[in-house]
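Notes follow the structure.
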Amino acid sequence: MDRIISSIKQTFNVSENAIEKLTSCLHPINISKKTILIAPDKKDTNVYFIEKGIARAYNLVEGKEVTSWFSKEGDLIYSTNSFYGKTPGYENEAVQVLENSLFYYIPIAKLENLCSSDADIANWLRILHQKAFVEMERRLIYRLYMSAEERYKDFVEKNPDLIQRVNLGYIASYLGMSHVTLCALRK
């Protein structure tokens, strides 16, 4: 659980007591590559912490998978509809595991209880969500104002390990370009 704890500490100055409370509620689960962890048609009541591995969130748009997010070691992943309640635009959201992985999970209700009883955990989760919001806003702005080449270079700079670990088609989708365009940029 070292990567998870390290990630929590990097996000917010969480007390050792709060980390112990949170980690004592986490349950390990090994997940095989290509597993659909969260399906669009099923409610998933857990939040997952990634200790080892990688996953992607995607939505089905006109029958095509459009990658919206990558999560790797130290990150969280969850169903938007399960965590926030029915959210328009996320009806077709899915999460796929891309490598044989070790995740830890906690029921959303248990995490909410921990947030209610421990300010450090609540603040850590708040800051985590703020950082995710800022990243989504940054990506939106970049998609509007940056060329495909600039978006690719930015992605590689911020995520050098993902280029080696993730299918290029998923990365192209995430960057809002075709696989052909991405391959041309890589040359």
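The values are calculated or read from the model by the stated rules, or taken from the named source; none is laboratory data. What you are looking at is a predicted structure, and each value in this text was computed from that prediction instead of being measured. Note that we place each Cβ from the backbone using ideal geometry, even for glycine, and neighbour counts take in every protein chain shown. All accessible areas refer to the heavy atoms of the entire protein, side chains included, with ligands and DNA or RNA removed. Shrake-Rupley method; radii C 1.70, N 1.55, O 1.52, S 1.80 Å.
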Q: Determine whether Glu62 is more than 17 Å from the chain's Cα centre (by Cα) and at pLDDT below 95.
A: yes
Q) Which of the residues that make up region 104-118 are surrounded by 13 or more Cβ atoms within 10 Å (Cβ to Cβ) and assigned to a helix (DSSP H, G or I)? A) Ile108, Lys110, Leu111, Glu112, Asn113, Leu114, Cys115
Q: Hey, can you tell me all the residues within region 80-110 that are modelled with pLDDT of 95 or more and among the acidic types (Asp, Glu)?
A: Glu99
Q. Which pairs have Cβ atoms under 9 Å, sit 6 or more apart or on different chains, and link a residue in region 41-63 that is in contact (Cβ under 8 Å) with a residue 24 or more places away in the chain to one that is open to solvent by less than 20 Å² (accessible area, probe 1.4 Å) and among the acidic types (Asp, Glu)?
A. Ala57/Glu93; Tyr58/Glu93; Asn59/Glu93; Leu60/Glu93
Q | Subset of region 171-180 [among the small types (Gly, Ala, Ser), in a loop (DSSP other than H, G, I, E, B) and touching a residue at least 12 places away in the same chain (Cβ under 8 Å)] | A | Gly176
Q. Do we find a residue being of a type outside the set (Ser, Thr, Tyr), open to solvent by 80 Å² or more (accessible area, probe 1.4 Å) and touching a strand residue (DSSP E or B) at 6+ places or on another chain (Cβ under 9 Å) anywhere in region 96-103?
A. yes
Q. Out of (1) in a helix (DSSP H, G or I); (2) touching a residue at least 12 places away in the same chain (Cβ under 8 Å); (3) open to solvent by 30 Å² or more (accessible area, probe 1.4 Å), the odd one out for Glu137 is which?
A. (2)
Q) Quick one: would you say Ile77 is within 16 Å of Val97 (Cβ to Cβ), modelled with pLDDT of 90 or more and out of contact with any Asp or Glu (no Cβ under 9 Å at 6 or more places or on another chain)? A) yes
Q) So which pairs qualify, if the first residue must be in region 156-170 and under 19 Å from Val180 (Cα atoms), the second must be open to solvent by 60 Å² or more (accessible area, probe 1.4 Å) and assigned to a helix (DSSP H, G or I), the Cβ gap must be under 6 Å, and the two must be at least 6 apart or on different chains? A) Gly169/His179
Q.
Just the residues that are assigned to a loop (DSSP other than H, G, I, E, B) and either open to solvent by less than 70 Å² (accessible area, probe 1.4 Å) or under 21 Å from Lys110 (Cβ atoms) (or both), please, taken from region 33-66.
A. Thr35, Ala39, Pro40, Lys42, Lys43, Asp44, Thr45, Gly53
Q | Qualifying positions in region 1-28 - within 17 Å of the chain's Cα centre (by Cα) and closer than 14 Å to Phe103 by Cβ | A | Arg3, Ile4, Ser7
